[in-house]
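Read the structure below first, then the notes.
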Amino acid sequence: MRMKGNGSMSPVPLLEIRNLHVRLEDEPSVEILKGIDLKIMPGEVHSIMGPNGSGKSTLAQVLAGKEDYEIVEGQILFKGQDLSDLGPDERANSGIFLAFQYPVEIPGVSAMQFLKAAVNAKRAFEGQGELDAGALLRHFRAKALQINVPFEMLKRNVNEGFSGGEKKRFEIFQMAVLDSVLGILDESDSGLDIDALRIVSEGVNSMRDGTRSFLLITHYQRLLNYIVPDRVHVLIGGRIVKSGGKDLALELEEHGYAPFGVNESAVASA
Amino acid sequence: MTSTEEVARLSHERREYKYGFVTDIEQEFASPGLDEGTVRFISAKKQEPEWLLEWRLKALRKWQEMTEPTWVFLPYGHPPIDYQAISYYAAPKQAPKSLEEVDPKILETYEKLGIPLSETRALLGIEGGPETPAEARRAVAVDAVFDSVSVKTTFQEELKKAGVIFCSMSEAVREHPELVRQYLGSVVPYSDNFFATLNSAVFSDGSFVYVPKGVKCPMELSTYFRINARNTGQFERTLIVADEGAEVSYLEGCTAPVRDEHQLHAAVVELVAMKGAYIKYSTIQNWYPGDETGKGGIYNFVTKRGICKGDDSRISWTQVETGSAITWKYPSVVLQGDRSKGEFYSVALTNLRQQADTGTKMIHIGRDTKSTIVSKGISAGEGQNTYRGLVQMNKGAHRAHNYTQCDSILIGDKCGAHTFPYVDIRNPTATAEHEASTTKIAEDQLFYCTARGISEEDAVSLLVNGFCKQVFSELPMEFAVEANKLLAVSLEGSVG
C-alpha cells in the first residue's frame, strides 16, 4: 500500500526537497542546483536521470552533507525535519546512506574495522551500547548473505584493490549493514558488467520493504530494468525539467536527452 | 569551513595528558650541577666498583670537552639547556628490598599508570583494563624505574629458572659485574656523542637483561620509566645481551608529570645479539609533551644502538613515539654478522608544538645482511616531524640489501613533515630501495567515513591507525591495542 502525497491526508514524506538552490563554496558565482523540488514517500523508488554535469552528483552529495556546497535557498526535510544543521555523520546515523560513485580507498583499515566503527557510531547515536564481537559478526554474515557479497571481503582493507564491481557491491552491503531507510545510489551502475549490475540490483531489491526508499541517480536506463522506479525525474542544468513514471526512462533511452536541448556526443564522451 | 581547516582550528585545544600527576614522596637529590663530585656521589650511592667509577670519570672528562650538537632539525628551536641547573640524581629515600618495602605511594603511582608491580598475571600496558581480549593477557615481567632508581623488578625468580637475568642495572653491577664489564659501552662507547657521553658519566639506573645460549625468554620483559622529581634529568642505561640462539622481546614505556619547565631525558640503550640470536625491542614513549604554546615537556635525547654481532642474528626496533616536547633519537643496528637482519619500525606523532627528529642508522658490514626501515610520521597541530636515516653499506657487505619506506601524513596546515635520507653504498653488489610519500588526511576519505556515521574525530583516528598498521602489527599484540588507544588520545586535541 502506498499513498501518493498530494493531499492533506498524506503521511510525512521521507525526503522532501523544496526549491533547493546550491552553489560551490569556492565558486559562489556558479549555481549548480537551481531550484529543485522533490518529494519521496516511504517505500518509493525514485530515479534521477540526466546527462553529465547536470547536477546529479551534487544533489547526492548535498543530501549526504558534503561541506563543499552552500545552500543558497530552499530546504531539505528528512522525516519532516530540516537537515541543514546536521553534519554528514548525523545524517548517516539518522538513516541516510549515500552509495558513492567513486568509493574511497582507506589503506590499513579493514572493512570489518570500518563497519564496526560505523555500526557502533549509529548505536551510540540511538543511545545504545556497542555491539559485542559475536553479535557484530552474525549481523555482518547475515547481510553478506542477503546482498550476496563474499564474507572474505570484510577482511580486506576498505576498497583497497577492489574491482569496480566489488566496490559497488560493497557500498550496497554497507547500506544493508547500517539498515539505512533512504538509499541514495550515485551512479552505482556505472562501470558494471551485466552480472555485477544484477547482483547490485538484487541487493537493493532485497532491501525494499515498503518503508525504505531509494533515490537512484543514473545516466542510463539499464539499471531501471532491474530496480523498477515509481517516479523518474530528468535533471538538466540544475533543474528537474520533466517527471513521470517508469516509462519516462524508456523514452529517454530511445530519444536521449536531445529533446531537452542536450548535445549527446558531449555527454557520451564523459 | 572544510574539514581540514576545522581540524587545524581545533588542534589548539589542549588534549588531556592523563599521566601528568605528581607522586608526593620523600626523595633524596644530588644538588644541581655536574662535576667530578657529582659523579663520585652517584657512584658512591650505588656502591660501585672502582672500574665503573673510572669509566664514568673518563666519560665526564670527555663530555666537558664536547659541545652540544646543533644539527638536529628543530624549526622552533629550544631554549639552551643549563646543564649546571639540573639535578643528576633523585631517588626515593627508602631503598626497598622487597615489594612489601616499596613505598605504597610509588606502588599507587604504577597502579595509576596501569603497571602492576605485583606478580599477578595481569596486563601491562598504557591503559590496561577489561576491554583487552583475554588472549592478550599474559605475564609480563616489569622493571620499574622511578626517577633515578629501579624500585622493583617482577618475576625475577621465574625468569631465573629459565636462566634469564632481568634486573636493574645497579643490581647487575653488583651481581653480574663480569657481564656488565664485558658489554657496557661495547655498542655505544662512552665517547660516542654528547648525550651518550653525558649519560655514561651520570647514568643512574636502567635495566639489564642477559638471555643465555639457546634460551627463548619465556615472557615479555619490560621496563617502565617514570620521571617524577622536578628539576631532575633521567639518565638510564639499558643493556640487553642475547647469547647464541637466544630470543627476547622487550618493551619500554615512559610517562612524566605535567610541568612548566623542560626536563631532560638522555638515555642509552645497547643491544648485543650473538650468533642466531633475536632481540625485539619495542618502545611506547609517552613523556609529557608540553602544552600548546610549547611550554614544558620532556627533551627526549636518546642513543639506542644494537649490534648483530653473530651470523644470522636479528635485531628489530619498533617505536611508537607520541610524547616529549622534543624527540631526538635514532635506534640503529650494526649488521656485523653475515646474513644478519636489522629492522626499524617507527610511528612518530607530533601534535601541539612538539618536535621530533627521529629515524635510524643501518650499518651493513657483513655479507648478505638485510635491513628494513618503515617510518610513519604523523604531524598535527603545529607539530614538526622529521625522519632522518642513514643506510650504509661497507666494502665487505656483499649483496647487502635495504628497503626503506618513509611515509608522512599531515593533519591541518600548521604542521610540517621533513625527510633527510642518507644512503652510502661502498659495495657494488649492495642494493637499497627507498619509497617515500607525504599525504594529507584526504577530504574525500574523511567524508567517506563521516557519510557512514563515524564522527570526524573518530574518522581521523581510524585513518591514522590505518596509516600506522604496518608498524603496529610489529608490536606484541597487547601493546598494539594500547598503541591504537594512545594514538587516538594523542590526536584528541587535533580534531576536537
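The values are calculated or read from the model by the stated rules, or taken from the named source; none is laboratory data. Not measured: the values here are computed from a predicted model. In this analysis, Cβ positions are derived from the backbone assuming ideal geometry, glycine residues included, and neighbour counts consider all displayed protein chains.
Residue by residue, here is whether (1) within 14 Å of chain B (Cβ to nearest Cβ); (2) at pLDDT below 95; (3) part of a loop (DSSP other than H, G, I, E, B) holds:
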{"residue": "A:103", "(1), (2), (3)": "yes, no, yes"}
{"residue": "A:118", "(1), (2), (3)": "yes, no, no"}
{"residue": "A:130", "(1), (2), (3)": "yes, yes, yes"}
{"residue": "A:142", "(1), (2), (3)": "no, no, no"}
{"residue": "A:173", "(1), (2), (3)": "yes, no, no"}
{"residue": "A:183", "(1), (2), (3)": "yes, no, no"}
{"residue": "A:191", "(1), (2), (3)": "no, yes, yes"}
{"residue": "A:196", "(1), (2), (3)": "no, yes, no"}
{"residue": "A:204", "(1), (2), (3)": "no, yes, no"}
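In the list A:232, A:262, which residue meets the criterion of being closer than 12 Å to residue A:45 by Cβ and either out of contact with any Ser or Thr (no Cβ under 9 Å at 6 or more places or on another chain) or surrounded by 15 or more Cβ atoms within 10 Å (Cβ to Cβ) (or both)?
On inspection, the qualifying residue turns out to be A:232.
Which of (1) at pLDDT 90 or above; (2) charged (D, E, K, R); (3) surrounded by 13 or more Cβ atoms within 10 Å (Cβ to Cβ); (4) under 30 Å from residue B:490 (Cβ atoms) is the odd one out, the single condition residue B:82 does not satisfy?
(3)
Condition check ((1) of a type in the set (A, V, I, L, M, F, W, C); (2) modelled with pLDDT of 75 or more) across all residues:
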site	(1), (2)
B:126	yes, no
B:153	no, no
B:174	no, yes
B:181	no, yes
B:187	yes, yes
B:197	no, yes
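Taking only segment A:25-55 into account, find how many residues are touching a helix residue (DSSP H, G or I) at 6+ places or on another chain (Cβ under 8 Å) and not in a strand (DSSP E or B).
Qualifying residue count for the region: 3.
Residue B:413 passes all but one of (1) over 27 Å from residue A:64 (Cβ atoms); (2) assigned to a loop (DSSP other than H, G, I, E, B); (3) of a type in the set (Asp, Glu); (4) more than 14 Å from chain A (Cβ to nearest Cβ); which number fails?
Result: residue B:413 fails condition (1) only.
I'd like to verify a number: residues in segment A:61-101 that are surrounded by 16 or more Cβ atoms within 10 Å (Cβ to Cβ), of a type in the set (Gly, Ala, Ser) and more than 8 Å from chain B (Cβ to nearest Cβ), how many?
4
Which of (1) surrounded by fewer than 22 Cβ atoms within 10 Å (Cβ to Cβ); (2) farther than 25 Å from residue A:76 by Cβ is the odd one out, the single condition residue A:143 does not satisfy?
(1)
Going residue by residue through segment B:439-453, is there one that turns out to be more than 8 Å from every other protein chain (Cβ to nearest Cβ) and part of a strand (DSSP E or B)?
Yes, segment B:439-453 has at least one match.
Residues are listed down the side, and each one gets a yes or a no for (1) among the aromatic types (Phe, Trp, Tyr); (2) in a helix (DSSP H, G or I); (3) within 11 Å of chain A (Cβ to nearest Cβ):
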position: B:407; (1), (2), (3): no, no, yes
position: B:417; (1), (2), (3): no, no, no
position: B:421; (1), (2), (3): no, no, no
position: B:432; (1), (2), (3): no, no, no
position: B:457; (1), (2), (3): no, yes, yes
position: B:468; (1), (2), (3): no, yes, yes
position: B:490; (1), (2), (3): no, yes, no
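Of the numbered conditions (1) farther than 19 Å from residue B:264 by Cα; (2) modelled with pLDDT of 95 or more; (3) touching a strand residue (DSSP E or B) at 6+ places or on another chain (Cβ under 8 Å), residue B:347 satisfies every one except a single condition; which is it?
Of (1) farther than 19 Å from residue B:264 by Cα; (2) modelled with pLDDT of 95 or more; (3) touching a strand residue (DSSP E or B) at 6+ places or on another chain (Cβ under 8 Å), only one is false for residue B:347: (2).
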